[in-house]
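The values are calculated or read from the model by the stated rules, or taken from the named source; none is laboratory data. Given the structure is predicted, the values throughout are model-derived calculations rather than measurements. Quick reminder, even Gly has a Cβ in these numbers, built from the backbone with ideal geometry, and neighbours come from all protein chains shown. For the accessible areas, the whole protein counts, side chains as well, though only heavy atoms, and no ligand, DNA or RNA atoms are used. Shrake-Rupley method; radii C 1.70, N 1.55, O 1.52, S 1.80 Å.
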Amino acid sequence: MEHLRYILIIYTILGLMISGGLLFQKSNLSSFFLGIFVLVFTLKQASFLYETSDVLQWYPNLFMVTFPLSFLFGPLLLFHVRSLNAEYKWSGMKLLPHLIPFFILVLVTFYLFSMDGENRIAFIKAHLHSFVIPINYVKVTHILTYALLIIFGLKASFSNWSNKRKNYIIAVLLIYTISAFLQACFYASILRFKYFIVYHVIASTLLLIIAYILYFHPDILQKIKVKYAKSTLDEKDMIRIQHKIEAYLSTKDNFTKANVTLALLAAEIDEKKHHISQTLSQKFKLSFNDLINEKRVEYSKQLLVDKSYDKYKMLAIALDSGFTNKNTFNRAFLKFARCTPSEFKKTRNK
């Protein structure tokens, strides 16, 4: 295990350097939150190295100093992800509730720091199973809860992200969740504290991959921010364009023609393509293709329950609805109706 300690020492030094680089990137809130996250993680692993070394016997007064910091991991990652959305409105009232568990643990453990180091160590050993381990389980639950909170919070807008942004968020969440899972596995097994170095090395490796890339390529976060952050299109204009799109798509012939495109829509309603794209993203929460396909699926439902169409094959209904083939029709129908066209027709004919 000694060679792992040397690796972790190197990781700790790298972590401090990288967190500093991220923290001092100007006008980049997402880098700032990630920098704090890396710093907190690095302090935790430095504390682990200290508490499993002979230094603890020589200088015990820093024992447990970083104990409450684990309750910052989830909130900091949430703040980092939200800051990637340039349109998110920040306020103290949105930040403070997420920090309450951290402050509670600080208060709960405050009396520990009134003791000298040796008495603090003796107290923790005597109350390991009644105090420390239960709090550690709460920490892991807290970390995993934030992973779910971030996932469900982003679910609604996932389809509108760029591939670069999707890949980055998925990578960050995977690293975060895997680290939490590893931590839970170690807490659940009866292992000696010194073997937690395996967790720290694995978790640090995963985290530093992301942090390293961001440190040497700080422009990445700017590139994956919300697509329309610098748009001059205001709310009033978007509502106006929204109404024009709705009026255009209220006519069956407009969305059922096979050659309908964003460029055609822009020409028909006399609006710029990128303004329509922004309106679709922020008002309809759909891409142009999804909006058209959703309208086609809704229209095809009418045909499927229309008795006069009983003699028509499914391909004919697909073509009449604007789809170019049966496979595309089935995929779109399954996406928006949560069933196949045949299943829909059977349930309506009962």
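Couplings 3J(HN,Hα) of segment 142-154, computed from phi: 4, 5, 5, 4, 5, 4, 5, 4, 5, 4, 6, x, 9 Hz, in residue order, whole Hz [Karplus 6.51 cos²θ - 1.76 cosθ + 1.60, θ = phi - 60°; x for Gly and Pro].
Ranking of Ser300, Ser308 by solvent-accessible surface, largest first: Ser308, Ser300 (1.4 Å probe, protein heavy atoms only, all chains present). Full extension of the chain between Leu315 and Asn61 gives 83.8 nm of extra length, using 0.36 nm per residue less the Cα-Cα distance. The simple Förster model, with R0 at 22 Å and r as the Cβ-Cβ distance, assigns Asp253 and Asn325 a FRET efficiency of 0.65. Modelled spin-label separation between Gln302 and Ala171, with each label point placed 7 Å from Cα along the Cα-to-Cβ direction: 4.7 nm. Here the calculated FRET efficiency for Ile9 and Leu96, from their Cβ-Cβ distance with R0 = 35 Å, stands at 0.50, rounded to the nearest 0.05.
Rolling a 1.4 Å probe across all protein chains gives His129 an accessible area of roughly 140 Å². The aspartates and glutamates within cross-link reach of Lys252, meaning a Cα-to-Cα straight distance under 18 Å and a gap of 8 or more places when in the same chain, are Glu268, Asp290, Glu294, Glu298, Asp306, Asp320.
Between Leu149 and Ala267, the contour length at 0.36 nm per residue exceeds the alpha carbon distance by 38.4 nm.
Here segment 287-345 is described by how far its Cα atoms reach on the three principal axes: 33, 20, 17 Å, from widest to narrowest. With protein chains left intact and a 1.4 Å probe, residues in segment 270-350 average 59 Å² of accessible area per residue. Of Phe323, Phe113, the residue with the largest accessible area leads and the full order is Phe113, Phe323 (1.4 Å probe).
Among the chymotrypsin sites (Phe, Trp or Tyr not before Pro) found in segment 10-83, those both in a DSSP coil and sparsely packed, with 11 or fewer other Cβ atoms within 10 Å of their Cβ, are Phe24.
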